[in-house]
Amino acid sequence: MSLHSTQTLAYDVERIRQDFPILGVRPHGKPLAYLDNAATTQKPRCVLDAMTHYYTHLHSNVHRGVHYLSEQATAAYEHARDIVASFIGARRREEIIFTRGTTESINLVAASWGGAFLRPGDEILLTVFEHHSNIVPWQLVAQRTGAQLRVVPIEQDGSFSVDRALEAITERTRIVALAHVSNVLGIVVPVAPIIEHAHRVGAVVLLDGAQAVAHLDVDVAELDCDFYAFSSHKVYGPTGIGVLYGKAEFLERMPPYHGGGDMIRRVTFERTTYNDLPYKFEAGTPPIAEAVGLGRALEYVDSIGRAAIAAWEEHLVASCIEQLVQIDGVRLLGPERGRAAVVAFSVEGVHPHDIATFLDREGIAIRAGHHCAQPLMDFFGIPASSRISVAMYSTEEEIERAATALRKCITVFRL
Amino acid sequence: MELSDELRQLYQEVILDHHRAPRNYGNLEPHTHQAEGYNPLCGDQIELFLRVNDAGIIEDVRFTGQGCAISRASASLMTEALKGKSLAEAHALFERFHRAVTTEPTAPVDADSLGKLVVLLGVREFPTRIKCATLPWHTLEQALAGGGTTTTE
């Protein structure tokens with residue numbers, strides 16, 4: 001624990017905040033407290049600069065031209081792939097596919113891998129806390145292939161029992177698709193035993209890392225997951241781009257997802273031969289500037305240090321939970337410990353929408369709604385909830401402002 | 001922490017009162033008209049029941065459901081305003097209300113034509129919340145048109 005406190009002390013959040021120009025915005029004349037980072041994170045200046053630099057000096061189409069700019073653009077795009085591979089511990093750069101985001105990454109695996117390998121009676125195992133983007137693609141492919149969806153529940157108190165997941169993995173399980181970090185419960189799912197057990201029965205594992213990569217030190221080789229999906233915009237990069245990591249042995253056997261330019265080697269009207277990995281899965285002109293921005297964002301994260309960021313966020317989340325549970329009528333969704341960056345809660349007698357409006361007028365941005373996890377809201381018997389989520393630039397003062405505004409809001413609505 | 005003027009306008013005492021103690025809350029049996037309204041964005045959900053007599057007059061109206069203070073107060077105030085009105089008058093009131101809440105915040109409104117519903121005009125300062133106020137009213141239109149489910153997003 002001494003390491004933890006040393007890191008917290010050394011963490012200069014004010015200096016980090018200087019790197020994020022948008023934090024100077026004053027909503028309704030109040031200082032911004034941006035606590036909706038699970039929805040999307042803000043961008044450091046170096047990311048904005050990298051993208052502007054790319055468009056100002058390097059832009060052309062990639063993998064096509066023989067001219068100077070095309071070479072520059074291709075080099076910048078492929079360099080970004082190297083940064084991503086290194087950031088998440090992929091052993092081979094061709095295992096990194098650029099997509100539009102987590103949603104497209106999961107759809108790619110569901111449609112391509114699922115469409116090719118799922119058979120009637122096969123089971124797709126999910127958890128009750130999956131985001132809609134890790135539910136609906138599997139429903140679509142289940143309808144097409146006759147495979148069945150099975151859902152691992154959580155405990156009444158909102159905690160997750162690994163044993164229940166292990167029990168649900170059977171000889172019929174073909175794929176386990178689960179969140180690495182829940183976007184509502186905030187729990188860091190203990191994925192290691194699940195992956196190990198899934199592999200023992202011959203199932204593959206996809207991790208939805210949308211809420212994980214900005215907060216944990218993700219190493220896909222160490223995890224030994226077969227697929228890993230995440231979005232750039234939730235890890236300080238631009239919108240419009242995301243990543244699918246897949247083990248080459250799977251990607252090579254999977255059919256293309258989209259057809260078009262760049263993903264082919266030779267096209268005739270009779271027959272097309274496909275390009276090698278990763279290009280087989282990158283049809284059309286990719287988001288080049290966005291890839292450059294993402295690469296810069298990941299370098300920025302590592303320049304601050306992932307362990308230091310995680311320790312800081314853990315400290316903020318603990319402080320947030322400590323303040324929230326003291327407020328009468330507040331119900332925390334999920335356990336108090338073992339969380340990353342996300343704190344969702346409901347308040348007796350006050351609707352999340354009213355809370356979010358109330359806090360917004362104080363300059364405090366939080367999320368209200370079902371968080372694209374309606375099955376989980378149904379499990380808790382609530383239509384929606386409020387969510388505070390922190391990032392590397394969040395401060396204790398922001399958490400305190402949110403707690404103070406929440407107390408005031410409850411007083412107004414309950415009088 | 002003081003409330004801003006806009007928040008005060010949005011959450012007037014009348015609205016908070018109807019939110020805490022909604023009028024005409026519950027099922028209505030028998031009823032002649034029924035519809036469900038749903039706002040998938042925030043999960044607000046309302047079920048509306050009306051009993052209309054042979055002369056086309058709304059004899060009774062009730063609602064159930066869960067929602068934010070605005071949608072709940074709007075539903076409660078709506079049920080009060082509808083009782084004793086003809087179907088034509090109810091539809092005309094929907095149109096007046098809908099027009100009023102979707103105007104610019106500073107646009108003048110004929111307050112007399114809205115009665116107690118004027119307290120809901122504070123939502124004009126909150127574009128994301130206008131749908132909360134109009135959900136019960138769209139549900140009313142759905143019920144009068146023959147029922148079913150209506151959604152606002």
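Residues A:337, A:387: which one is away from every other protein chain (no Cβ under 11 Å) and either open to solvent by 10 Å² or more (accessible area, probe 1.4 Å) or touching a Gly at 6+ places or on another chain (Cβ under 6 Å) (or both)?
Of A:337, A:387, the one residue that is away from every other protein chain (no Cβ under 11 Å) and either open to solvent by 10 Å² or more (accessible area, probe 1.4 Å) or touching a Gly at 6+ places or on another chain (Cβ under 6 Å) (or both) is A:337.
Say we look at segment A:16-28 and pick out the residues that are over 15 Å from residue A:366 (Cβ atoms) and in contact (Cβ under 8 Å) with a residue 60 or more places away in the chain; which of these is most open to solvent (accessible area, probe 1.4 Å)?
A:26
Among residues belonging to segment B:1-36 that are β-branched (Val, Ile, Thr) and touching a residue at least 24 places away in the same chain (Cβ under 8 Å), point out the one that is farthest from the other protein chains (Cβ to nearest Cβ).
B:14
Looking at segment A:357-378, which of the residues that are touching a residue at least 24 places away in the same chain (Cβ under 8 Å), part of a helix (DSSP H, G or I) and more than 9 Å from chain B (Cβ to nearest Cβ) is surrounded by the fewest Cβ atoms within 10 Å (Cβ to Cβ)?
A:375
Quick one: is residue A:388 assigned to a strand (DSSP E or B) and among the β-branched types (Val, Ile, Thr)?
yes
Here are some residues: B:45, B:66. Which one is within 9 Å of chain A (Cβ to nearest Cβ), at pLDDT below 95 and buried (at least 17 other Cβ atoms within 10 Å of the Cβ)?
That would be B:45, the only listed residue that is within 9 Å of chain A (Cβ to nearest Cβ), at pLDDT below 95 and buried (at least 17 other Cβ atoms within 10 Å of the Cβ).
Within segment A:56-69, which residues are surrounded by 13 or more Cβ atoms within 10 Å (Cβ to Cβ) and either at pLDDT 95 or above or under 30 Å from the mean Cα position of the chain (by Cα) (or both)?
Listed by number, the residues that qualify are A:58, A:59, A:60, A:61, A:62, A:63, A:69.
Could you pull out every one of the strands (runs of 3 or more DSSP E) wholly within segment A:160-273 that has 1 or more residues that are open to solvent by 40 Å² or more (accessible area, probe 1.4 Å)?
A:173-179, A:264-267
Could you tell me whether residue A:308 is within 14 Å of chain B (Cβ to nearest Cβ), touching a Ser or Thr at 6+ places or on another chain (Cβ under 9 Å) and touching a residue at least 60 places away in the same chain (Cβ under 8 Å)?
no
For residue A:156, all conditions in the list (1) open to solvent by 50 Å² or more (accessible area, probe 1.4 Å); (2) more than 14 Å from the chain's Cα centre (by Cα); (3) modelled with pLDDT of 95 or more hold save one; what is the number of the exception?
(3)
Please work out which one of (1) in contact with a Ser or Thr (Cβ under 9 Å, 6 or more places away or on another chain); (2) open to solvent by less than 30 Å² (accessible area, probe 1.4 Å) is the condition residue B:53 fails and give its number.
Of (1) in contact with a Ser or Thr (Cβ under 9 Å, 6 or more places away or on another chain); (2) open to solvent by less than 30 Å² (accessible area, probe 1.4 Å), only one is false for residue B:53: (2).
Just to check your reading of the model, which residue among B:35, B:73, B:90, B:100 is in a strand (DSSP E or B) and surrounded by 18 or more Cβ atoms within 10 Å (Cβ to Cβ)?
B:35
Given the options A:330, A:342, name the one that is β-branched (Val, Ile, Thr), at pLDDT 90 or above and surrounded by 22 or more Cβ atoms within 10 Å (Cβ to Cβ).
Unique residue meeting the criteria: A:342.
Failed condition for residue A:351, given (1) open to solvent by less than 20 Å² (accessible area, probe 1.4 Å); (2) more than 25 Å from residue A:214 (Cβ to Cβ); (3) at pLDDT 95 or above, with all others met?
Single failed check for residue A:351: (3).
Name, by its number, the condition in (1) under 18 Å from the mean Cα position of the chain (by Cα); (2) surrounded by fewer than 24 Cβ atoms within 10 Å (Cβ to Cβ); (3) hydrophobic (A, V, I, L, M, F, W, C); (4) under 19 Å from residue A:366 (Cα atoms) that does not hold for residue A:310.
So residue A:310 meets the others, but not (4).
Any idea which of (1) more than 14 Å from chain A (Cβ to nearest Cβ); (2) at pLDDT below 90 is the one residue B:128 doesn't satisfy?
The single condition residue B:128 does not satisfy is (1).
Taking the conditions exactly as written (acidic (Asp, Glu), exposed (fewer than 15 other Cβ atoms within 10 Å of the Cβ) and within 18 Å of residue A:241 (Cα to Cα)), does residue A:49 satisfy them or not?
So residue A:49 fits the description; yes.
Residues A:410, A:382: which one is crowded, with 20+ Cβ neighbours inside 10 Å and either under 25 Å from residue B:130 (Cβ atoms) or away from chain B (no Cβ under 11 Å) (or both)?
A:410
Quick check on segment A:164-182. Is at least one of its residues farther than 24 Å from residue A:218 by Cα, among the small types (Gly, Ala, Ser) and free of Cβ contacts under 8 Å to residues at least 60 places away in the same chain?
yes
Go through the residues of segment B:48-69 one by one and say whether even a single one is without any contact (Cβ under 8 Å) to a residue 60 or more places away in the chain, within 23 Å of residue A:346 (Cα to Cα) and assigned to a helix (DSSP H, G or I).
Taking every residue of segment B:48-69 in turn, at least one turns out to be without any contact (Cβ under 8 Å) to a residue 60 or more places away in the chain, within 23 Å of residue A:346 (Cα to Cα) and assigned to a helix (DSSP H, G or I).
Being open to solvent by 70 Å² or more (accessible area, probe 1.4 Å) and touching a strand residue (DSSP E or B) at 6+ places or on another chain (Cβ under 9 Å) narrows it down to one residue among B:116, B:131; which is it?
B:131
The values are calculated or read from the model by the stated rules, or taken from the named source; none is laboratory data. Predicted, not measured: the structure shown is a model, and the values here were computed from it. In this analysis, Cβ positions are derived from the backbone assuming ideal geometry, glycine residues included, and neighbour counts consider all displayed protein chains. For the accessible areas, the whole protein counts, side chains as well, though only heavy atoms, and no ligand, DNA or RNA atoms are used. Shrake-Rupley method; radii C 1.70, N 1.55, O 1.52, S 1.80 Å.
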